[in-house]
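Visitor: Here it is: the structure, laid out below.
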């Protein structure tokens with residue numbers, strides 16, 4: 001599903017144009033796995049640290065995520081949700 005603003009401009013384009021002015025690196029408006037509206041805001045704190053906040057249609061879907069690039073393709077990821085859920089992982093990423 002694609003949302004449109006007046007003048008036939010996709011919302012995705014409008015949201016991407018807002019991000020730099022809002023002082024964030026990423027601003028995404030979309031849907032979650034249940035089809036509900038979701039907003040995600042992300043910012044690089046430094047070259048190796050990315051902080052992201054996600055908000056779904058209800059308060060229990062709020063989540064904070066941190067990604068740490070420790071080097072040589074290894075990344076650490078941690079998350080915490082308003083519902084008390086947490087997560088952590090180690091990932092390897094290689095660009096071709």
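Visitor: Taking the options 50, 96, name whichever one is outside any helix (DSSP H, G or I) and surrounded by 12 or more Cβ atoms within 10 Å (Cβ to Cβ). Step through it out loud before you land on a result.
Guide: Details: 96 fails: surrounded by 12 or more Cβ atoms within 10 Å (Cβ to Cβ).
Answer to the check: 50.
Visitor: If a residue must be assigned to a strand (DSSP E or B) and either touching a helix residue (DSSP H, G or I) at 6+ places or on another chain (Cβ under 7 Å) or surrounded by fewer than 12 Cβ atoms within 10 Å (Cβ to Cβ) (or both), how many such residues does segment 56-73 contain?
Guide: So the answer is 2.
Visitor: If you take the residues of segment 30-46 that are in contact (Cβ under 8 Å) with a residue 12 or more places away in the chain and either assigned to a loop (DSSP other than H, G, I, E, B) or touching a helix residue (DSSP H, G or I) at 6+ places or on another chain (Cβ under 6 Å) (or both), which of them is farthest from residue 70 (Cα to Cα)?
Guide: For segment 30-46, the residue satisfying everything is 36.
Read-outs throughout are calculated quantities, based only on the coordinates presented, and are distinct from any laboratory measurement. Every value quoted in this text rests on a predicted model; they were computed, and no experiment measured them. So basically every Cβ, Gly included, is an ideal-geometry build from the backbone, and we count neighbours across all protein chains shown.
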